[in-house]
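The values are calculated or read from the model by the stated rules, or taken from the named source; none is laboratory data. Since the model is a prediction, treat every value here as computed from it, not as a measurement. Here the Cβ positions follow ideal geometry from the backbone for every residue, glycine too, while neighbour counts run over all protein chains shown. These area figures cover heavy atoms from the full protein model, side chains too; ligands, DNA and RNA do not enter into them. Shrake-Rupley method; radii C 1.70, N 1.55, O 1.52, S 1.80 Å.
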Amino acid sequence: MQSDQTLKSESHPEVDSAWQTYKRLLVYVRPLWLIFLVSFIGFAIYGAGQALSAKWLEMVVDTVQRNDYDQRWFLAAAVMGIFILRGLGAFIGNYSIAYVGREVIHRLRTQVFERLLLLPSHYYSHKSSGELLAKLTYNVEQVTEAVTNAIKVLFREGLTVAGLLGYMFYLNWKLTLIFIAAGPLIGLVVSMAAKRMRKLSRRIQKSVGDITESASESIKGYQVVRIFGGAEAERGRFEQASLHNKRQFMKLVVTQSLNTPIIQLLVALALSALLFLAMHPDVMGSMSTGGFVAFLTAAGMITKPLRLLTDITSIVQKGIAAAESLFEVLDEPVEQDSGSRTLERIGDIEFRHLHFAYPGTDKEVLQDICLSLPQGRSVALVGRSGSGKTTMASLLPRFNDGWTGELLVNGEPLESFTLDSLRSQISLVNQNVVLFNGTIAENIAYGAMAGASETAILAAAEAAHVTEFVERLPQGIHTRVGENGVLLSGGQRQRIAIARAILKDAPILILDEATSALDSESERHIQDALEEVMRGRTTLVIAHRLSTIEKADIIVVMEDGRIIEQGSHSELLEQQGAYSKFHILQTDTE
Ligand code: ADP
């Protein structure tokens, strides 16, 4: 699985797509062009300072040679001036480019997160949360590096090189041409290294995803890990992921570290050719001693910024690889929301010869579903695990899309209404209750209900039997729940979820009944709370408890994606079919 994915991510049409990605990244920089310009000016001042220091050297040597010390005040002051100029330039340049970088990251990160909020549910079923978290944390930071550091170095060192080269040209253009003849060779080395670094960076990002995934699973599932003796295997898996990360990093370091000395060697070669040829009268021309010394100094000074410039490739390659993975998320198609009409009030719901297969699969998990949900009635879905109950319930809020046949509300196709207006009419109580970090009150009045009055929240809490246990808590309804509600029992969490649904007061309720057994006290509270929330609402319940099933207006028995029986409890018992067998079985166990 892992090597599969690595292979897939490496088969990109290389250079073109890298350039496309970089161009796309620069789109984020465009609105910040003014700050960018300030940064450029800052680094231009810095670069000019470097060239000026070579010029200063020329003047000092020539002054000493002429034994003419009149200029000593000026030369001494010039040193201070040059350093102040350089420092100021570097500060302005650094600050502005860092601002641009952090801003780009902030925009990119929030964009990716916003995209995640819009992606269809099948995206989540195919991606691990670890991988997505790594994208938002690690990969985004890699992009910053590419945007800030790379451009900073490009500006600062690029302008320094330009300044020094310009000065060298001014001193002696022939010598300078000899010096830059090494350029194409350097370019070749840099581009070869770049390709390899991008490949390695992709692998590193993937491995960071694996590390986060492995860690978050072990943390969330720590009890299962310990009871089922999974520690050894988890340790192995984590170590493997971390080791893979280390190896890829070391390969990157090797490429990076070879890159620099090879380039330095090429520069040294150019320097030695320079020195040899410079001693020739034709080339030397009419340079003063000071000019000659300054020329060699400038050529020597160029090596450091040149090396830093070639280092950019690795940063840029990492950034490009990271940006690719982020743009991948941004390019994912969002949930289909083609409906244009606002659904005012949901009435009757009808499934007509509906078939459904999950995207990317051919197996129809729902086949020829025909079912009416009259307004205000409750429908219980029963059947073995895997028979399609959850899938069926997921169609109403359009968590899954792409069915054939018809799903009608108020006699109109469900797809003709906007997702927002549809979902605003639906309440949901899941088996696995997700509580957000905040108080119990905030969890009840979640999302669009955030402005609800204290009285309304308390009323919902009362109706859902939340008040019973909340009264004993130190700050009552304003007690904070731990992350994912760890301080509360399963039954208590479920009652909070029911209170949330009561407060929403939507005409449709989808209820995934908990399968886990609760103590009879909790059970009674939950049962009462459920009756409260179901009253007057169209309810689709994935039912496991006999009491819920018996009380439902319509019972739908499912098997292998088909409805095999439907009717009221007494009707189905009379038929003596699958339901009556199931009922006998259930009665026995309960
Ligand atoms: P139930 O709720 O009755 O246990 P489900 O609706 O969860 O049944 O599952 C019905 C079928 O759909 C099962 O065969 C299951 O493997 C398949 N299935 C569920 N979720 C997905 C998914 N995201 N992608 C592909 N197949 C799925």
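Things worth noting here:
- Put the Cα centre of segment 368-434 next to the Cα centre of segment 236-267 and the gap is 52 Å.
- Pairwise inverse Cα distances across segment 71-223, averaged and inverted, put the Kirkwood hydrodynamic radius at 20.2 Å.
- Length-normalised contact order of segment 341-387 in % [C-alpha pairs under 8 Å, at least 6 apart]: 35 percent
- Counting protein heavy atoms only, the chain has 60 percent of its accessible area on carbon and sulfur, 1.4 angstrom probe.
- Pairs exceeding a 32 Å alpha-carbon distance, out of LYS220/LYS389; LYS152/LYS251; LYS23/LYS220; LYS127/LYS251; LYS127/LYS195; LYS504/LYS581: LYS23/LYS220; LYS504/LYS581.
- Relative to the dominant Cα principal axis of the chain, helix 490-504 is inclined by about 90°.
- Cα-based equivalent ellipsoid of segment 384-507: semi-axis lengths in Å, sorted from largest, via gyration tensor: 31, 17, 11
- Pairwise Cα separations in segment 265-414 fall into 10 Å bins from 0 onward with the following percentages, short to long: 8, 22, 15, 9, 7, 7, 7, 10, 10, 5, 0.
- Simple label model, 7 Å out from Cα along Cβ direction - LYS23 to PHE436, nm: 4.0 nm
- Dipole magnitude for segment 368-434: computed about the Cα centre from +1 point charges on Lys and Arg Cβ and -1 point charges on Asp and Glu Cβ, it is near 360 debye.
- Segment 337-446, relative contact order in percent, only Cα pairs under 8 angstrom and at least six apart counted: 36 percent
- Using a Förster distance of 22 Å, the FRET efficiency for THR404-GLU332 (Cβ separation, nearest 0.05): 0.40
- Remark on segment 455-515: hydrodynamic radius 12.2 angstrom, per the Kirkwood mean of 1/r across alpha carbon pairs.
- Alpha-carbon Rg/Rh ratio, for segment 97-179, with Rh computed the Kirkwood way: 1.34
- Which of ILE440, GLY49, PRO397, positive extreme of dipole for the chain (C-beta unit charges): GLY49
- q = 0.08, 0.11, 0.13 Å⁻¹, the chain: log10 I(q)/I(0) [Debye, one scatterer per Cα]: -0.76, -1.11, -1.36
- Relative to the longest principal axis of the Cα atoms of the chain, the long axis of helix 578-589 makes an angle of roughly 90 degrees.
- Against the chain, whose longest principal axis comes from its Cα atoms, helix 289-331 is set at around 10 degrees.
- The residues of the chain expose on average 51 square angstrom of accessible surface per residue, using a 1.4 Å probe on protein heavy atoms.
- Charge dipole magnitude, Cβ of K and R +1, D and E -1 - segment 342-480, Cα centre, debye nearest 20: 360 debye
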